[in-house]
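Working notes, beginning with the structure itself.
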Amino acid sequence: MARLNVMAIEKIEKSRNSIQEEAAATYSTFIKDDEKYLQIDMYGSCERVFTEKVSQVIQLDKKNAESLIALLKKEFNIT
């Protein structure tokens, strides 16, 4: 697993995109070395053999959460 570094995300243009199927997710928070983290665990789609097994994990500290919020506001024109 790796923590998401939002500040290093680069926007790219793709010629082909598709909408992914929805998947269940849970989140948790924890503190490590005096830093609070939010962790999102995504589970496999209903077609997957082990639907209750974590498929992807996204971890954000406060700095990356703020950067992600700013990116989402920018891309969706939210004020």
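The values are calculated or read from the model by the stated rules, or taken from the named source; none is laboratory data. All values reported here derive from a predicted model rather than from experimental measurement. Every residue, glycine among them, receives a Cβ derived from its backbone with ideal geometry; neighbour counts consider all protein chains shown.
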Scan the range 1-24 for residues that are within 24 Å of K62 (Cα to Cα) and exposed (fewer than 13 other Cβ atoms within 10 Å of the Cβ) and jot them down.
M1, A2, N5, M7, A8, I9, E10, K11
Criterion: surrounded by 12 or more Cβ atoms within 10 Å (Cβ to Cβ) and modelled with pLDDT of 95 or more - qualifying residue of Y27, Y43, Y37
Y37
